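Inspection log for the structure reproduced underneath, given as structure tokens.
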There are 2 protein chains.
Amino acid sequence: MPTKSAKKAVETADRGVKPVRRRLSPAERRIQIIEAARALFCEGGLALVSMRNIARRVGITQAAIYQHFEDKDAILFAIAEEFFTRLIEDGMEKSNEEADPIARLKRGLRGYIEVGLSRPDEYRLVFMTNVPGFKRRGMHRVPPGEEAPVELTKGKIAYAFLQEQVRDLIGSGLLCKGDPEVVAEAVWAAIHGIVSLILTHLDFPWAREELIETQLRILFDGLLPDGSPSRGKVQAASPKA
Amino acid sequence: MPTKSAKKAVETADRGVKPVRRRLSPAERRIQIIEAARALFCEGGLALVSMRNIARRVGITQAAIYQHFEDKDAILFAIAEEFFTRLIEDGMEKSNEEADPIARLKRGLRGYIEVGLSRPDEYRLVFMTNVPGFKRRGMHRVPPGEEAPVELTKGKIAYAFLQEQVRDLIGSGLLCKGDPEVVAEAVWAAIHGIVSLILTHLDFPWAREELIETQLRILFDGLLPDGSPSRGKVQAASPKA
DNA sequence: CCTGTTACCGAACAGCGTTTATTTAATGTC
DNA sequence: GACATTAAATAAACGCTGTTCGGTAACAGG
């Protein structure tokens, strides 16, 4: 949409009159490119992340990027992986602050929501946008990179973390019975629904905290067995940073 | 991504050597354009819906479309509106088959899920894709068309339908107390999460019905007051058509 | 110092959404 | 039936996009 622009805030990086070209090691360039892409992405969303914009920032031509990345998608994938890493670290960190396993789960879910809301563009990229061609390198897929078939996607790790907790809770009778896999999916769906909902209607003036608490209360009231002492209680929001 | 094509299955519509141009009434052309766009959309998702492809199908040039639609987004919006209409009609129809208000709500939610899963591309378009520039003509926004400021978006109607049911249920004490608006959002989030989850991982081999039932059970167990006779029961799936 | 390797550039291709000036078909009105 | 008006259509262009290709030049090892 070349009409509604506001795109050209991208710095020309005119590196002098002489196009004296500097070679960098692939490792360095790779990092430069990812960082430039991430910066553009955070500034104006996916729309700003074009090969030419990235190249302009790095100070090379767009064609040079293909020396380091197979695709534009490969760059986005790198960004997504970084986001997942944050998601995992935040979730684990928050979770480990709690001793009670139910509280642990709640904290982890809260952490997920908070990360999602604090990095809306990345969340959308990973979970809400079917990036045209983002070749399904998602939660349940392996990365297509021929070079790294060992390392699974961070998304799988993040999801396995949730699955494990749910499995343990059901195993020890703290959560209602049911196929742990299915319950885990259901839990994730409920949480994702909240984040997705808020991100889709960013303009809508609702009280986020109230909505989040309501959702968590409903979710855990539905999950916990009838006599559980945790029923009806809502985990307090984590202290604002 | 001009590389991995498979795009050119779009029929050239070369209407003879003579470019004898036929004028059609705006109403007719408008329908033609929407239908062409919808067809392309269903065939290959958003990627195939380009102004040039639409025009080729209709048998006009791409510029002519702008006589009938302000934007590409306006075309997508029209598709979305049609989808919402289906969502509303299906939901209401299914709902009205039930007498018990709780069962009514369950049926409506089931209807929503089924429509979403049966029309994945449209669901993604409306609820999961931040169409670049889809100028936030979403659930909570009015359409920007200057010509029709009276008619609100179908999305608002659909959502109001859910809100009303939740409000009534809370009012009559059948659902746990809480701000009806917030509870309605939470319910929608849970349901949307399920659809979104399944659509995002279409390849993942899970039992959909089981996942849907689990989610609905958890949701309603969380919503219903402790002594409610409906607790723990799951509404049976609607008979396959 | 010479020689490979390869990171990089310049130019191009095909597609995209959109705009402009221009043509031409259809529809009144006399 | 002839003429003026209206607006649906066109052709061509603009600037953007992702990607490819042939050549160049910078660095590394000998």
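Some observations on this one:
- A:Lys154 accessible area, assembled protein chains, probe 1.4 Å, Å²: 60
- Stretchable slack from B:Ala207 to B:Ala27, in nm (0.36 nm times residue separation minus alpha-carbon distance): 60.4 nm
- Using C-alpha pairs below 8 Å separated by at least 6 residues, the relative contact order for segment B:21-102 is 25 percent.
- Environment charge of B:Val58, counting only residues whose C-beta is closer than 9 Å and scoring Lys/Arg +1, Asp/Glu -1: +2
- If only the Cβ of Lys and Arg carry +1 and only the Cβ of Asp and Glu carry -1, the dipole of segment A:26-65 around its Cα centre is close to 100 debye.
- R0 of 41 Å, Cβ-Cβ distance A:Glu97-B:Glu43: FRET efficiency to nearest 0.05: 0.25
- Segment A:26-65: relative contact order in percent, alpha carbon pairs under 8 Å with at least 6 residues between: 34
- Estimated vicinal HN-Hα couplings, Hz - segment A:56-73 in sequence order (Karplus 6.51, -1.76, 1.60; Gly, Pro = x): 4, 5, 6, x, 10, 8, 4, 5, 5, 4, 5, 6, 10, 9, 5, 8, 5, 4
- Restraint check, A:Lys156/A:Lys177; B:Lys106/B:Lys177; B:Lys94/B:Lys156; A:Lys156/B:Lys106, Cα-Cα greater than 21 Å: A:Lys156/A:Lys177; A:Lys156/B:Lys106
- Cβ-defined net charge surrounding B:Gln163, 13 Å radius [Lys, Arg +1; Asp, Glu -1]: -3
- Rounded to the nearest 10 Å², the accessible area of B:Thr85 at probe 1.4 Å: 40
- Given a 1.4 Å probe and the protein chains as shown, B:Asp226 ends up with an accessible area of around 100 Å².
- Phi to ³J(HN,Hα) by Karplus 6.51 cos²θ - 1.76 cosθ + 1.60 over segment B:24-40, Hz, x for Gly, Pro: 10, 5, x, 4, 4, 4, 4, 5, 3, 5, 4, 5, 4, 4, 4, 4, 4
The values are calculated or read from the model by the stated rules, or taken from the named source; none is laboratory data. Predicted model, so just to flag it, every value in this text is computed and none were measured. Heads up, the Cβs are rebuilt from the backbone with ideal geometry, glycines too, and the neighbour counts pull from every protein chain shown. For the accessible areas, the whole protein counts, side chains as well, though only heavy atoms, and no ligand, DNA or RNA atoms are used. Shrake-Rupley method; radii C 1.70, N 1.55, O 1.52, S 1.80 Å.
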